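S.K.: This is the structure, below, for whatever I ask next.
What follows draws every value from the coordinates through simple rules; no lab data is involved. Not measured: the values here are computed from a predicted model. Cβ atoms come from the backbone with ideal geometry, glycine included; neighbour counts cover every protein chain shown.
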Amino acid sequence: MSAKSEMSSAPADGSVPGGGQTILRRPTQTPSNAVFTCLSIQSDLEHSMSDSATDDPTITLYRLQACPFCERVVRKLDTYDISYQSRFVEPMHSDRDVVKRLTGKRTVPAIVDENTGVTMSESANIVDYLDSIYGAEA
């Protein structure tokens, strides 16, 4: 299997001008070809899909890089054009204390919706929640 990498001109320590860090993301993979894309991720990445840059996202998504369950939630948030803030958590399950304090579990994805006061985990539950709350607005 061959891999093609696209890298930005970031310093060797992985930092990006402006205080971010470089993270490799695998957006697509087929059996014969893997494509890696280099993303610049700031420590508190704000992913705003709305036209207004002054609105603070009211949903915080706790996730892992390249997690298919997390990507399922990201796709649903993007479908409904919902502004959200991504927080990448520790890969080691036992180190995810932030998520455990919020949801009582260490599993991701997990969201906190300040609009409704809801905090939940499990991708299927989150997708159902987003459909029921934000689906009618789309």
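S.K.: Restricted to segment 119-138, and to residues that are more than 17 Å from Asp81 (Cβ to Cβ) and not hydroxyl-bearing (Ser, Thr, Tyr), which residue is surrounded by the fewest Cβ atoms within 10 Å (Cβ to Cβ)?
M.R.: Ala124
S.K.: Any residue at all in segment 91-108 that's within 21 Å of Pro57 (Cβ to Cβ) and in contact with a helix residue (DSSP H, G or I) (Cβ under 9 Å, 6 or more places away or on another chain)?
M.R.: So far as segment 91-108 goes, yes, one or more of its residues are within 21 Å of Pro57 (Cβ to Cβ) and in contact with a helix residue (DSSP H, G or I) (Cβ under 9 Å, 6 or more places away or on another chain).
S.K.: Another question, if that's okay. Within segment 77-115, how many residues are within 17 Å of Leu130 (Cβ to Cβ) and either assigned to a loop (DSSP other than H, G, I, E, B) or over 16 Å from the mean Cα position of the chain (by Cα) (or both)?
M.R.: Of the residues in segment 77-115, 9 are within 17 Å of Leu130 (Cβ to Cβ) and either assigned to a loop (DSSP other than H, G, I, E, B) or over 16 Å from the mean Cα position of the chain (by Cα) (or both).
S.K.: If I ask for residues that are basic (Lys, Arg) and either surrounded by fewer than 13 Cβ atoms within 10 Å (Cβ to Cβ) or farther than 20 Å from Ile126 by Cα (or both), which ones from segment 88-105 would you list?
M.R.: Matches in segment 88-105: Arg101 only.
S.K.: Looking only at segment 106-118, which residues are surrounded by 13 or more Cβ atoms within 10 Å (Cβ to Cβ), under 19 Å from Val74 (Cβ atoms) and among the charged types (D, E, K, R)?
M.R.: Asp113
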